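Notes follow the structure.
The values are calculated or read from the model by the stated rules, or taken from the named source; none is laboratory data. A quick note: this is a predicted structure, and the numbers were derived from the prediction, not measured. Neighbour counts run over all protein chains shown; Cβ positions are idealised from the backbone, glycine included. For the accessible areas, the whole protein counts, side chains as well, though only heavy atoms, and no ligand, DNA or RNA atoms are used. Shrake-Rupley method; radii C 1.70, N 1.55, O 1.52, S 1.80 Å.
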Amino acid sequence: MGAMRTCIISLLLFFSGGLVLQAQSPLDRNISITFSHQTLEGALYQLMDEADVPLLFNNAILPQKPVHVRFTDDSVGRILTFLFRDSNIIPVWNGRSILLKKEVQAKTLPTYTISGYVESAESGERLGQTTVYSTTSDQGVYTNPFGFFSLTLPAGNHKLVISYLGYRPGQLDIDVTQDTSVGITLEADLTLKPVTITARDSTFLQRSLDLYADKLVPAAGQSLPRLGGEMDIMRWVHLLPGIQTGADGLGGIFVRGGDAGHNLVMIDDVPIYNVNHAGGLLSVFNTSTIQSVRLMKGFIPSRFGGRLASVMDVRTRDGNNQTWGGEASIGILSSNLTIEGPLVKGKTSVLAAARGSLLNTYLEPGMRAYKQNRGEDGSTEFGFYDFTLKLAHIFSDTDKIYLSYYKGQDQFKNYGQRTDLFSLENREGDILGFRLKQGYDETLKWGNRAFSVRWNHVITPRLFLNTTALHTQMRINIGYTDQDTLQLLNNPPIFSTNFSAGRFKSSIQEGGVKFDFQWAPNPYHEVRFGGEYKQQVFQPGVLRLADNNLEVPEMPTAIRKIHDSNQKVIYAENRQQISQALVFNYGLHLAGFRTENTEYWSLQPRLALSWLINKDLLLRTSLGKNTQFFHLLSSNTVGLPTDLWVPSTRAIAPQQAWQFTLGGEWVIGDNWSFHTEAYYKKMDQLLNFTEGATFVNDWEENVTQGEGEAFGIDFMLRKQAGSIQGWLSYSLAWSNRSFDRINFGQPYPFTFDRRHDLKLVLIQDLGERWDVSASWIFGTGLAFSLPLETFEVTFPGIPNGPITGIDYGSKNQFRLPYYHRLDLGVNYRRIDKQGRSHRLQIGVYNAYNRNNPLYYKFNRSLVVQNNSIVEARELVGVRLFPILPSFSYSLQF
């Protein structure tokens, strides 16, 4: 593995060095050449033939003059400047050749700014990440997340082409004579056919605007196979390269060797600390409310910070400000109702959506029957709900305000009891009867709440300001009881009881304000800068009962301690196209964190470079530092809400990570593209529980800090148009951890160190109303530990004999079996005479019923062996989903 890591790092350094060398313009290359009694035209052809200089020129513009001169180790640029020293012809490198052209008066034309918003013609919603492109001047921009654009153009007539996924392209002819504010509307594509994800435009500027983000629009994922019929944006993310999850999606997402807590997930600029319903089966995001999602997992721009691995920026829709409408849907997992419409037509809109779980309808009776078959009286219950509300009001062409609110909650209850009778013969030959009564009750309740107020203000046609006030909260409540009573059935009866109970509470609250400026002096230059201030309150806590004591002990002060902290951020970033072939994105993110009279500061540089080799091939590289002041402590690999979010303290340093990437994109014809990116990530001051510690202990006394390393390469081949669309992705990756107080300080594989990961997605369009889809996932097994043997240790002065210890051997030395799964889907869609849209989805999850274990555990039972009651243990794999049907129906009205 060490040799492979050295090889990958060497390749990264080699290619990155080659990138710098190859990116050098031929104008800077030194040559030696002699022109002997040549014409100027002949001298140029001699440069092309002897020195391999890629010239492009029109013979008609060349002056007539003789050339007789020798150059020794001089640059091509200086040579050409000398040859045309008495003319107005200049050499310009365009990324492919040196163009010889006249300096024309167009350079002196005045420039003016066209700015405004792009909106949906049907709903009035503003469309973020829309392309606004001038075919006349070959210049373009993206709208920001609020639909605003600013495009500076030379005076004259221009044709603007406007495009957004799921909408018909628009055109605008405009005569640019002054700074102008325009409103652009796009009409939705109402065919209900699967949305084509077209190849990126061949112009370098458009391909480089959002190069480092995967953009997901719900309309483009409607045809993907679904779990239980639920269209879930997070399960779409699972199908991207570089993203790891536990079996069947549990445990959250793990991006390029990072932990689940290393991902910044935001909804309308508000961080969400628990992004899962049901431990990861579904996300907390109601797809009917989502406008777009951007996922950044390589280069993270300077305006984002606070996490080590990735940023997921989720934007909700504004709501229709023209007419009232909505959507109702039902599936196996949940039902949903969304209502939207104008409170003041054209000015004020509202969007409200409520979703509720249907799982308990068949989970509770099914689990009751299952437990009865095992001799238990009990059941398992689970439910969740979420509610989304958004208000948007337009004050003027330059001012708009948004109010966003989200609340979601999960509740899980697992309980049961059983009674067993058995007998055995004692040494005297007497038959003794026993009754074993076992009971348990587990309750988990967790949820998120998020609120934001955002004000958009256009200061000038080139300067945009978004101000956000936000509040977010996560609460967890857990209670459990566990009681075993062994009764000897003689006269009088003898009882032996083991009882334990506990209650766990944890919460996070965060509030703050931030200012984000966006300045676009010209189409080739975009500056973002701003700052934020936030306060956080962390409140982890435990109450525990044990040792057959029904009294509630006082919670130790260290455990119930409240941690107050604040965070300050200022940032600046610059995206600049410095030539027709090179785009830089560089910036700084300065963050400060104060807690317990201790303050940490971190300066985080970010740099990215994109180089267009030709119209089909683009290379990119990046280097960035990220700091995270919060830590997610987990005592399991399932991603349950018992995981603890804790802050850095005087004794616990913030986490740090450096990541280097090198990759490229190759557009193959009109329908295909190939993407690849290699990466190396070094992480320091990671936090983990020490071996044997759990969340019921004082976390500060049971943690250790260490380092991590991740490296690998991702590939994706994508077909983006035609009747058959989809992609094939493959990831080769390594991820390791090293902590002083884990595994005796020796490095070990990270739990989600998955060496090979293959994902195939296919969508076949069968006409106006039907399409079929399939996805197949294959991954090598995750790492885990198993107890190998027990041993006994005797400590002087400790009564009750020796203590039994468990030897796990080297940490994570075992691997789960290969994970693979096939999902299938069939989709039907139509529009009725009243204009209502109907969608029906049926499918199969885990079509060939693969037994993919979630984890392994030891089942404990009491058995009679050699006339003695002994404890028996059996290693079993816990499986989550067998083959399952998928169904959903939705109606848009």
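Would you tally the residues in the range 810-837 being open to solvent by less than 30 Å² (accessible area, probe 1.4 Å) and at negative phi? Looking only at that region, the number is 9.
Checked against the criterion of being touching a Gly at 6+ places or on another chain (Cβ under 8 Å), among the hydrophobic types (A, V, I, L, M, F, W, C), open to solvent by 10 Å² or more (accessible area, probe 1.4 Å) and assigned to a loop (DSSP other than H, G, I, E, B), the range 257-277 has at least one qualifying residue. Filtering the range 870-893 to residues that are farther than 13 Å from GLU230 by Cβ, in a strand (DSSP E or B) and modelled with pLDDT of 80 or more leaves LEU891, GLN892.
When the range 52-96 is limited to residues that are in a loop (DSSP other than H, G, I, E, B) and either over 30 Å from VAL583 (Cα atoms) or touching a Gly at 6+ places or on another chain (Cβ under 9 Å) (or both), the one that is least open to solvent (accessible area, probe 1.4 Å) turns out to be LEU62. Highlighted here are the strands (runs of 3 or more DSSP E) found entirely within the range 104-160 that include at least 1 residues which are open to solvent by less than 40 Å² (accessible area, probe 1.4 Å) and of a type in the set (Ser, Thr, Tyr): 111-120, 131-134, 148-154.
Entry remark, the range 384-402: residues being surrounded by fewer than 15 Cβ atoms within 10 Å (Cβ to Cβ) and among the aromatic types (Phe, Trp, Tyr) number 1 in total. Does the range 281-291 contain any residue that is touching a Gly at 6+ places or on another chain (Cβ under 7 Å), at pLDDT below 95 and buried (at least 24 other Cβ atoms within 10 Å of the Cβ)? Yes. Evaluate the following for LYS534: is it open to solvent by 40 Å² or more (accessible area, probe 1.4 Å) and assigned to a strand (DSSP E or B)? Here the answer is no, as LYS534 does not meet what is asked. Residues in the range 663-693 that are closer than 30 Å to ASP643 by Cα, open to solvent by 20 Å² or more (accessible area, probe 1.4 Å) and either in contact with a Phe, Trp or Tyr (Cβ under 6 Å, 6 or more places away or on another chain) or assigned to a strand (DSSP E or B) (or both): TYR680, LYS682, ASP684, GLN685, ASN688. Every condition in (1) in contact with a Lys or Arg (Cβ under 9 Å, 6 or more places away or on another chain); (2) among the aliphatic types (A, V, I, L, M); (3) in a strand (DSSP E or B) is met by ILE300 except one, and the failing one is (3). Screening the candidates SER349, SER288 for the property of being polar (S, T, N, Q) and in a strand (DSSP E or B) yields one hit, SER349. Entry remark, the range 138-164: residues being aliphatic (A, V, I, L, M), touching an Asp or Glu at 6+ places or on another chain (Cβ under 9 Å) and within 14 Å of SER115 (Cα to Cα) number 2 in total. Taking the criterion of being of a type in the set (Lys, Arg) and either modelled with pLDDT of 90 or more or in a strand (DSSP E or B) (or both), the only residue of the range 352-387 that qualifies is ARG355.
Here is a yes/no grid of residues against (1) closer than 30 Å to HIS471 by Cα; (2) open to solvent by less than 70 Å² (accessible area, probe 1.4 Å):
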residue	(1), (2)
LEU359	no, yes
GLY366	no, yes
SER404	yes, yes
ASP430	no, no
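Here is a yes/no grid of residues against (1) assigned to a loop (DSSP other than H, G, I, E, B); (2) at pLDDT 75 or above; (3) in contact with a Phe, Trp or Tyr (Cβ under 6 Å, 6 or more places away or on another chain):
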{"site": "PRO194", "(1), (2), (3)": "yes, no, no"}
{"site": "ARG207", "(1), (2), (3)": "no, no, no"}
{"site": "LEU211", "(1), (2), (3)": "yes, no, no"}
{"site": "ALA220", "(1), (2), (3)": "no, yes, no"}
{"site": "SER223", "(1), (2), (3)": "yes, yes, no"}
{"site": "TRP236", "(1), (2), (3)": "no, yes, no"}
{"site": "LEU240", "(1), (2), (3)": "yes, yes, no"}
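Among the residues examined, VAL761 qualifies as under 22 Å from the mean Cα position of the chain (by Cα) and either modelled with pLDDT of 95 or more or assigned to a strand (DSSP E or B) (or both).
Can you tell me which residue is farthest from SER283 (Cα to Cα) among those in the range 372-383 that are within 38 Å of the chain's Cα centre (by Cα) and open to solvent by 10 Å² or more (accessible area, probe 1.4 Å)?
THR380
Number of residues in the range 432-459 that are open to solvent by less than 30 Å² (accessible area, probe 1.4 Å) and closer than 30 Å to MET266 by Cα equals 9. Test THR485 against the stated conditions and say whether it is among the β-branched types (Val, Ile, Thr), modelled with pLDDT under 95 and open to solvent by less than 60 Å² (accessible area, probe 1.4 Å). In short, yes.
Determine whether LYS413 is among the basic types (Lys, Arg), surrounded by 17 or more Cβ atoms within 10 Å (Cβ to Cβ), out of contact with any Phe, Trp or Tyr (no Cβ under 7 Å at 6 or more places or on another chain) and within 30 Å of GLN518 (Cα to Cα).
Details: among the basic types (Lys, Arg): yes; surrounded by 17 or more Cβ atoms within 10 Å (Cβ to Cβ): yes; out of contact with any Phe, Trp or Tyr (no Cβ under 7 Å at 6 or more places or on another chain): yes; within 30 Å of GLN518 (Cα to Cα): no.
No; evaluated as a whole, the condition is false for this residue.
There is no residue in the range 607-625 that is in contact with a Leu (Cβ under 7 Å, 6 or more places away or on another chain), modelled with pLDDT of 95 or more and closer than 18 Å to LYS568 by Cα. For the range 742-772: of the residues being in contact with an Asp or Glu (Cβ under 7 Å, 6 or more places away or on another chain) and open to solvent by 30 Å² or more (accessible area, probe 1.4 Å), which is nearest to ASN702 (Cα to Cα)? This residue is GLN764. Output yes when any residue across the range 172-188 is open to solvent by less than 80 Å² (accessible area, probe 1.4 Å), within 29 Å of the chain's Cα centre (by Cα) and modelled with pLDDT of 85 or more, and no when none is. Within the range 172-188 (the criterion being open to solvent by less than 80 Å² (accessible area, probe 1.4 Å), within 29 Å of the chain's Cα centre (by Cα) and modelled with pLDDT of 85 or more), the answer is yes, since at least one residue qualifies.
Restricting the first member to the range 662-675 and to residues that are farther than 15 Å from LYS615 by Cβ, and the second to residues that are charged (D, E, K, R), the beta-carbon pairs closer than 6 Å and six or more apart or on different chains are GLY663/ARG620; GLY663/GLU677; ASN671/LYS719; HIS675/GLU665. The single condition from (1) modelled with pLDDT of 80 or more; (2) part of a helix (DSSP H, G or I); (3) of a type outside the set (Phe, Trp, Tyr); (4) open to solvent by 40 Å² or more (accessible area, probe 1.4 Å) that SER36 fails is (2).
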